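Peer 1: Submitted below is the structure of interest, expressed as structure tokens.
Just so it is clear, none of the values below were taken in a lab; they were calculated from the coordinates. For clarity, every value in this text was computed on a predicted model and none was experimentally measured. Positions of Cβ are backbone-derived with ideal geometry, glycine not excepted, and every protein chain shown enters the neighbour counts.
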Amino acid sequence: MAHVISTGSGVVLDLIRSGEATTRTDLISQLGWSRITLARRLDELLNAAIIVSAGQSDSRGGRPPEEFVVNKDAGLLLAMDIGGSHSRLAITDLVSTILLEDEADIGLGHGPDDIFDWSCQVFDHMLAQLGKSRADVRGIGVGVPGPVDSASGRIASPQLNSQWADVVVKDYFPADYRAVFAVDRDVNILAVSEHRLGWPEYDDAIVLKVGMGIGCSLVLNGRVYHGGRGGAGDVAHSPVGGTERCLCGRTGCLDTVASGSAIERELRALGASVRTSADIVALAESGHEGVAQLLAQAGDQIGRALLDPVALLNPSVVVVGGNIAQAGPVFLDPIRERLLRDATDFSRRDLAVIPAKLGHQAGVIGASLIAQDALFEADRISRLTRNGGASLAQFGDE
Ligand SMILES: [Zn+2]
């Protein structure tokens, strides 16, 4: 990539959005621009109503400097987190604060037609509740449980569930949405929200989402690493031994011994019936001995499977999220113990193993954040505001 230093308004917006610099003085010291250049770029953003003046900050004595913030009410973002058996939707403002949310036991297995029919109906209903319409939507972010080609938003092929291979999410939304689309793997949107809002102090992380399946995301240098075709982080099909056949067609994958599905299968053999990963956690909380032991075994297997990735990538933190992680220390401690005992001396030094912080909203907040990032992408904003007169409403699908 060529390193051209941009002087467009998008660079200013990035600094304001991240909170790194929100006053003229701080922006100039970060950017090294002249006052005149900065004033021009701020005018472009103000004229397009992308930012607003938040009044005066009063921290420095004397006449306080003017602060700029994103115009959070200049439109809405739709957020969708599609799970294996359960999905969540939310409508947020332009800084990803949730305004309304909904959820249902519908997921990947229902296929794209059913799930997007459901989501479009619920979004219309929620927009009406807010007194808004599809025309107010600026960005749509969707998390799907499988690799995605992030450049095109096309779900990659092959997928374990073939109904989803090559699906272009945008094609399932009504054509009158003039919104920017952002699509990524479910565990990647979880990693985005957890990293940005939960533990910004760690820039190198392995993030797990353990539900009925096992997802894994890699955050490297503060960004989600997607790999060549969107499939990075696939630890679920690491061979760990055993004779159980996996959905992928092979035997002995981590998913067959340590996922919610594996625990469900073992529980069935013990005569206990559970349907979802939340049921497994509820059973553990009720004091069921068998499930506590299964959760501990699963945690230990996951810890073992992470020994090589931890040595290879030297993360500062392993974050464990997803419904099964809600079981708490009974599941998390064995992961930590295995890693801190058996990882290489170098990689385990200072390694933190922590639970995810944002709970069940992590997915939809992450979906909103990737929609926000796509809407406000720096080069795009610089180009669209350059001639003045643009407004966010024109910034949807170009
Ligand atoms: Zn497998």
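Peer 1: Once you charge only the Cβ atoms, +1 for Lys and Arg and -1 for Asp and Glu, what is the size of the charge dipole of the chain about its Cα centre, to the nearest 20 debye?
Peer 2: Numbers: 35 positive and 50 negative charges, 170 e Å.
Roughly 820 debye, rounded to the nearest 20.
Peer 1: Continuing with the same structure: Once amide H atoms are placed 1.01 Å from N in the peptide plane, what residues at a sequence separation of 5 or more from Leu100, or on another chain, have their amide H within under 5 Å of its amide H?
Peer 2: Amide H to amide H, under 5 Å and 5 or more residues apart or across chains, Leu100 pairs with Ile91.
Peer 1: Under a GNM of the chain (C-alpha, springs under 10 Å), which listed residue has the highest mean-square fluctuation: Gln361, Gln293, Gln301?
Peer 2: Gln293
Peer 1: Residue separation times 0.36 nm, minus the C-alpha to C-alpha distance between Ile28 and Arg245: what's the value? Don't skip to the answer; put the middle values down first.
Peer 2: Numbers: separation 217, 0.36 × 217 = 78.12 nm, distance 5.94 nm.
Here the segment from Ile28 to Arg245 would lengthen by 72.2 nm.
Peer 1: Right, here's the next one. Which of Ile370, Ile335, Ile189 moves most in a GNM of the chain, Cα contacts under 10 Å?
Peer 2: Per the Cα network of the chain with a 10 Å cutoff, Ile335 tops the list.
Peer 1: Then there's this: Work out the charge dipole of region 129-213 with +1 on the Cβ of Lys and Arg and -1 on the Cβ of Asp and Glu about the Cα centre, then indicate which of Ser133, Leu197, Phe173 is farthest towards its positive end.
Peer 2: Ser133
Peer 1: Now for a separate question. Tell me, in nm to one decimal, what length is gained between Gln121 and Ser286 on full extension, where the rule is 0.36 nm per residue of separation less the Cα-Cα distance? All intermediate terms of the calculation are to be shown ahead of the outcome.
Peer 2: Details: separation 165, 0.36 × 165 = 59.40 nm, distance 3.67 nm.
Working it through step by step, the gained length comes to 55.7 nm.
Peer 1: Starting at the first residue of region 278-287, write each ³J(HN,Hα) from the Karplus equation 6.51 cos²θ - 1.76 cosθ + 1.60 with θ = phi - 60°, in whole Hz, x for Gly and Pro.
Peer 2: 5, 4, 5, 5, 4, 5, 4, 5, 7, x
Peer 1: What nm value, rounded to one decimal, do you get for the distance between Leu100 and Asp166 when each label is placed 7 Å out toward the C-beta?
Peer 2: Going from the Leu100 label point to the Asp166 one covers 3.6 nm.
Peer 1: Just the number, please: percent antiparallel of the DSSP beta bridges in the chain, rounded to the nearest 5.
Peer 2: 60
Peer 1: Which whole-Hz couplings ³J(HN,Hα) result when phi for each residue of region 91-108 is put into the Karplus expression 6.51 cos²θ - 1.76 cosθ + 1.60, θ = phi - 60°, listed in order with x for Gly and Pro?
Peer 2: Values per residue, Gly and Pro as x: 10, 10, 7, 7, 10, 6, 8, 5, 9, 8, 8, 8, 8, 7, 7, 9, x, 3 Hz.
Peer 1: Report ³J(HN,Hα) in whole Hz for each residue of region 22-38, in order, from the Karplus equation J = 6.51 cos²θ - 1.76 cosθ + 1.60 where θ = phi - 60°; Gly and Pro get x.
Peer 2: 10, 10, 4, 4, 5, 5, 5, 5, 6, 8, x, 8, 7, 4, 5, 4, 4
Peer 1: If I fit a long axis through the Cα atoms of helix 9-18 and take the longest principal axis of the Cα atoms of the chain, what angle between them do I get, 0 to 90°, rounded to 10?
Peer 2: 50
Peer 1: What translational diffusion coefficient, in µm²/s and rounded to a whole number, does the Stokes-Einstein relation yield for region 142-250 at 10 °C and a viscosity of 1.306 mPa s, taking the hydrodynamic radius as the Kirkwood radius over Cα pairs?
Peer 2: Stokes-Einstein gives a translational diffusion coefficient of 105 µm²/s.
Peer 1: Follow-up question, since we're still on this one. Within region 256-361, which trypsin sites (Lys or Arg not before Pro) sit in a loop by DSSP and count at most 11 neighbouring Cβ atoms inside 10 Å?
Peer 2: Arg275, Arg349
Peer 1: Can you list residues from other chains, or at least 5 along the same chain, whose modelled amide H is less than 5 Å from the amide H of Val320?
Peer 2: Amide H neighbours of Val320, under 5 Å, 5+ apart: Leu208, Ile354, Ala356.
Peer 1: Once label points are set 7 Å from the Cα along Cα→Cβ at both Asp73 and Ala272, what is their separation, rounded to one decimal in nm?
Peer 2: Placing both labels 7 Å beyond Cα along the Cβ direction yields 5.0 nm.
Peer 1: Ignoring everything except DSSP H segments at least 4 long, calculate the 222 nm mean residue ellipticity for the chain; use -39,500 (n - 2.57) per segment, divide by total residues, nearest 500.
Peer 2: That comes out to -11000 deg cm²/dmol.
Peer 1: With axes computed from alpha carbons, what is the tilt in degrees of helix 289-305 against the longest principal axis of the chain, rounded to the nearest 10 within 0 to 90?
Peer 2: 60
Peer 1: Then there's this: Running a GNM on the chain with Cα contacts under 10 Å, which residue among Leu283, Leu100, Leu130 ends up with the highest mean-square fluctuation?
Peer 2: Among Leu283, Leu100, Leu130, the largest mean-square fluctuation in the Gaussian network model of the chain belongs to Leu130.
Peer 1: Name all residues of region 288-320 having a backbone nitrogen under 18 Å from the label point set 7 Å from the Cα of Arg349 along its Cα→Cβ direction, giving them as ranges.
Peer 2: 310-318
Peer 1: Still on this structure, I have one more. Once a ≥ b ≥ c are taken as the square roots of the eigenvalues of the Cα gyration tensor of region 262-398, is the result rounded (a/c under 1.5), prolate (a/b larger than b/c) or oblate (a/b not larger than b/c)?
Peer 2: oblate
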